[in-house]
Amino acid sequence: MTSRLLLLLGLLLPLGAVAQAPQNLDAVPGNQENTLTWDAPTGLDDDETVVCYGLYRDTAEIPSTDPEEQSEKRIEGVEATEGTPPTYTDTGLSEGQEYYYRVAAEVVETEERPVSCGDAATQVSSLSNQASATPLFLQLTEPSPPASPDPVEAGTAVDVTADVRSLPSGADVLLRSREGGEPTYVQKEMEGNEERTRTIPDSRVTLRGIEYVVEVRDEDEILAQAPSDGPASIRVEGEVTPPQQPSGAYRIVSFPTELDEPELSNIFEPLLPYDPSEWRLFSIGASGLTADGGYVEQNELEGASLSAGRALWFIRRNGGALASLDGTSVPINQPHEISLDEGWNLIGNPFAFDVPLSQVRVENTAGSLQDVLGYNGNNFVNQAGGALKPYRGYLVYLSGGQGGTLVVDPSPEEPSASIASARAPDPRWAVDLSARVGQARDPMNTFGTAPSATDGVEAADGREPPPIGDYVSLRFRAPSQDRGLWRDMRSTGGGLRTWTAEVRTNVSGLVTINASGISSVPDDQSVWLVDPVLDQTQNLRETPTYQFPASEATDARPLRILVGPAAAVQRRLGRDADRPERVELLPSVPHPVRSHATFRYRVPERTRATLELYDLLGRRVATLVDDESVGPGTHTYAWTRQDTGGTLSSGAYLLRLQAGDVTRTRRLVIMQ
C-alpha cells in the first residue's frame, strides 16, 4: 500500500525542483511608461538563488501562468540583486492603452552560478499574479524650452502650460514652484482639460530665480512629472543693486548673478580713473599671495572681470554705493561650481539669497575646505554654522596641497555628494585670545586640547588669514611650518604644554591681549603668559588681560602660553631663581619714548608701589601707578601719550618709583 501511494505522488509532482513564483506584482502608470514592483519568491532552498526575473507583457489579459505557453510575451529579463526590492520601468508606451503584466523568477542552484538570465540551466517559476496599468501623457509646452527656459524680466508673470492626456481617475495636475532659497514649494492645481495652465505671479519673479515642476499626483504618489528629471530653473534678468560701501573700511565684495558686463572697468566705471588715494581693489594673484603674504593690488582694470562666485577686496574713502548693473540669475536647480586653488581663495555667493554653509562643499580634491571667513570692516568673522550672503565675499582656505572645486548647492535638500570639509574637533577645553590696538581687532584665536586632535598641524587647525588695511593679527606658530594658525588644538596628553603666539600690527599704540574661557581649563592646570621681550610673566587665571606697546615698524611680537601642572609651569618660568633681590626700576621699552612705552620695575616682596612722571623742574606730570599692592616679581605699566592728555612736549623727564620705603628714579627722554 505504501509503495503505491509513493508512486501516485511521484506521478502527480513535476520532475525536478519547481521555483516559487514572485508575489504581489503591482503596476503604476507614468508618463508614457508603467512602473512594476513585486516581491521576491519565498520558500527557496538554502542552495538556490534567483538569477533574474522574466517580464511578460500584452495589451490583452494574460490568462495562463505557464511561462512556456506565454513565452512570446516575454519582453525583458531583470537581474536580481540581493537586498534590493525588484522593480522595472516599462518605457516607450502608448498613452491611453492598457497593458497587462506577469513576472516569473528564474532560479539556479547556487553552486552552478554564474548563469545568465534566460539560460537553459535555470528553473523558471510559474507566472505571478496579473497587474495592469494605462500610461498617461504629460508634456510641457510653456515656458520654452521647458528644461532650460529663456530668461525672463524681473517682475514679469510666467505662464506654465502642460499637455495632459489619459489622466487616471482622481489624479491631480499640480504646478509646484518656489523662489530661490525657499525651503518649500508653492503648490497650485493647474486649470483646464487636456491643456492645463497656471501662472507664477510677477511678485515672485525676482533675481532669486524660479524653480518649477509639473506633477501628476494620485493622492501622495507622483505618477509623472515634467521635466522628467526634476525641477527646471527659470533665470531672471534685472538690475543688480550693490549695497552701500562704508567710508574708509575694507569689504570683500561680490555680485550675485552673472553680470551682463562683468569687466571691472564697467563695474567700477563711476569711480574711474583708478586713484589709490580715493579707492582701491585687491585680489589674490594668479600665483597666490605675495612673497610677504599679502594681496595683489588690482589697479589694472582693463581685461579683468568679476564672475559669479568670485570676490575682491574694496575700500572707498567717501563710501557710497556703486551704480546698478544688469545681470541674470544663475540656474537654481543645480549647484554652482567655483574652481579653487590650493591655499587662500576669495569667493562670493553666486545666488541672490542666503545659502547655508551646510550646502557648501569641495570636490575633485584630496584636500579639505577649512574655515569660511567673512570680514566686518574691522576683523575677520568665522562663518561656521552660518550662511553665504549675497553681495558679500569670503576668504576660504583649501588645504591638502592641491586645487579643487567649491560646490555651492542652492537647494535646501541635503547634498548627495560627500562633503570634504574640515571640522574643528570637539574640545576638552579651549581658551580664546583676542588682540586689539586702536580700531584694529583680531577677536578670533583659539588654543586648547581635544580628544581627536594631534600635536601636529591638521586640517581642522584654522589658518590665520592674511590681514588687510590697518590691522592687528595674533596667530599661533605652527610646528615645523611657516604658516600661522588662528586655531591650534592639541592632544589631551598630560604634562606641560606650550603655545607660541605672534602678534603683528601696522598700527602704533597699546596692544591689548585678552583671554576668555580660562574656566574651561581643568582646575589643576596653571595658565601663564610669557612676554620674552619684556621678560614679563602673568598668571592669566588671575589677570586675563595683558598689554604692551607696538609701533608700525615693530616685528612680530612673540608671546608664549604655558598650560600644565602648577609645579611644572613654575619650573619652566624659573620662579624661584628669578625672584628679585632688591627694588629695581628697569629701562623703558622702547627708549627714547615716542607715542608709547612699557615701564618696568621689580620688587622682592609684596609691597605698595607708586609710579610717577616728573619734569626736570620737579613738577609731577602724571601718576601712573597710585599706591597699589604688588607681589614679588617684575611688573609693567603700558604707557601712551593719552595717559598724560597727549600734551607732553619733547624733552627729558624723570620716572620715579616708590616701593615701600625704597625710592628709585630713572631719566626718560620723550620725543615727538
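The values are calculated or read from the model by the stated rules, or taken from the named source; none is laboratory data. Quantities reported herein were computed from a predicted structural model and do not represent experimental measurements. Glycine gets a Cβ as well: all are built from the backbone with ideal geometry, and neighbour counts include every protein chain shown. Accessible surface is based on the protein model in full, side chains and every heavy atom, while ligands, DNA and RNA are left aside. Shrake-Rupley method; radii C 1.70, N 1.55, O 1.52, S 1.80 Å.
Just one of (1) surrounded by fewer than 22 Cβ atoms within 10 Å (Cβ to Cβ); (2) touching a strand residue (DSSP E or B) at 6+ places or on another chain (Cβ under 8 Å) fails for Gly400. It is (2).
Gln370: in a strand (DSSP E or B) and polar (S, T, N, Q), yes or no? Considered against the rule, which asks whether it is in a strand (DSSP E or B) and polar (S, T, N, Q), Gln370 comes out as yes.
Has segment 106-118 got at least one residue that is closer than 30 Å to Leu138 by Cβ and open to solvent by 50 Å² or more (accessible area, probe 1.4 Å)? No, segment 106-118 contains no residue that is closer than 30 Å to Leu138 by Cβ and open to solvent by 50 Å² or more (accessible area, probe 1.4 Å).
Scanning segment 527-550 for residues that are among the β-branched types (Val, Ile, Thr) and open to solvent by 60 Å² or more (accessible area, probe 1.4 Å) yields Val533, Thr543.
So, Val431, is that one surrounded by fewer than 19 Cβ atoms within 10 Å (Cβ to Cβ), over 30 Å from Asp150 (Cβ atoms), of a type in the set (A, V, I, L, M, F, W, C) and modelled with pLDDT of 90 or more or not? No; evaluated as a whole, the condition is false for this residue.
Residues in segment 434-481 that are closer than 15 Å to Arg497 by Cβ, open to solvent by 10 Å² or more (accessible area, probe 1.4 Å) and β-branched (Val, Ile, Thr): Thr446, Thr454. Whether any residue in segment 271-279 is under 23 Å from Val330 (Cβ atoms) and of a type in the set (Phe, Trp, Tyr) is what I want to check. Scanning segment 271-279 turns up no residue that is under 23 Å from Val330 (Cβ atoms) and of a type in the set (Phe, Trp, Tyr). Residues of segment 145-169 that are modelled with pLDDT under 95, over 24 Å from Thr91 (Cβ atoms) and open to solvent by 60 Å² or more (accessible area, probe 1.4 Å): Asp150 alone.
Cβ-Cβ distances below 9 Å connect the following pairs, each with a first residue in segment 386-412 that is under 23 Å from Phe314 (Cα atoms) and without any contact (Cβ under 8 Å) to a residue 40 or more places away in the chain, a second residue that is of a type in the set (Gly, Ala, Ser) and open to solvent by 10 Å² or more (accessible area, probe 1.4 Å), and a separation of six or more residues or different chains: Ala387/Ser358. Just the residues that are hydroxyl-bearing (Ser, Thr, Tyr) and closer than 20 Å to Ser307 by Cβ, please, taken from segment 333-390. The one that is hydroxyl-bearing (Ser, Thr, Tyr) and closer than 20 Å to Ser307 by Cβ: Ser339.
Residues to consider are Glu269, Glu337, Glu342, Glu302; find the one that is over 28 Å from the mean Cα position of the chain (by Cα) and surrounded by 14 or more Cβ atoms within 10 Å (Cβ to Cβ). On inspection, the qualifying residue turns out to be Glu269. Return the residue satisfying two criteria in turn: it lies in segment 555-598 and is open to solvent by less than 50 Å² (accessible area, probe 1.4 Å) and part of a loop (DSSP other than H, G, I, E, B), and of such residues it is nearest to Gly660 (Cα to Cα). Step by step, filter segment 555-598, then rank; the result is Val583. Among the residues of segment 349-371, just one is of a type in the set (Gly, Ala, Ser) and farther than 20 Å from Gly462 by Cβ, namely Ala352. Beta carbons closer than 9 Å, at least 6 apart along the sequence or on distinct chains, pair a first residue in segment 292-306 that is in contact (Cβ under 8 Å) with a residue 24 or more places away in the chain and acidic (Asp, Glu) with a second that is in a strand (DSSP E or B) and open to solvent by less than 80 Å² (accessible area, probe 1.4 Å) for Glu302/Glu263. Taking the criterion of being within 29 Å of Pro390 (Cα to Cα), of a type in the set (Val, Ile, Thr) and either open to solvent by less than 50 Å² (accessible area, probe 1.4 Å) or in a strand (DSSP E or B) (or both), the only residue of segment 170-194 that qualifies is Val186.
Taking segment 195-248 and the strands (runs of 3 or more DSSP E) fully enclosed by it, the elements with 3 or more residues that are under 29 Å from the mean Cα position of the chain (by Cα) are at 210-218, 232-234, 236-240. Contact annotation: residue pairs with Cβ atoms under 8 Å, 6 or more positions apart or on different chains, pairing a residue in segment 372-383 that is more than 12 Å from Ile315 (Cα to Cα) with a partner that is in a strand (DSSP E or B) and basic (Lys, Arg), are Gly374/Arg392; Tyr375/Arg251; Asn378/Arg441; Asn379/Arg441. On the stretch given as segment 253-289, residues that are under 28 Å from Val408 (Cβ atoms), without any contact (Cβ under 8 Å) to a residue 40 or more places away in the chain and either of a type in the set (S, T, N, Q) or assigned to a strand (DSSP E or B) (or both) total 5. Considering only residues that are within 19 Å of the chain's Cα centre (by Cα), small (Gly, Ala, Ser) and at pLDDT below 85, which ones fall in segment 441-470? Within segment 441-470, Ala459, Ala460 qualify. Of the numbered criteria (1) over 36 Å from the mean Cα position of the chain (by Cα); (2) more than 19 Å from Tyr471 (Cβ to Cβ), the one Ser551 fails is (2).
Has segment 494-517 got at least one residue that is closer than 19 Å to Trp429 by Cα, in contact with a Gly (Cβ under 6 Å, 6 or more places away or on another chain), among the hydrophobic types (A, V, I, L, M, F, W, C) and modelled with pLDDT under 95? Looking through segment 494-517, at least one residue is closer than 19 Å to Trp429 by Cα, in contact with a Gly (Cβ under 6 Å, 6 or more places away or on another chain), among the hydrophobic types (A, V, I, L, M, F, W, C) and modelled with pLDDT under 95. Of all positions in segment 522-532, at least one carries a residue that is modelled with pLDDT under 90, at negative phi and assigned to a loop (DSSP other than H, G, I, E, B).
Residues that are at pLDDT 95 or above and over 13 Å from the mean Cα position of the chain (by Cα) were ranked within segment 346-370; the one that is surrounded by the fewest Cβ atoms within 10 Å (Cβ to Cβ) is Leu346.
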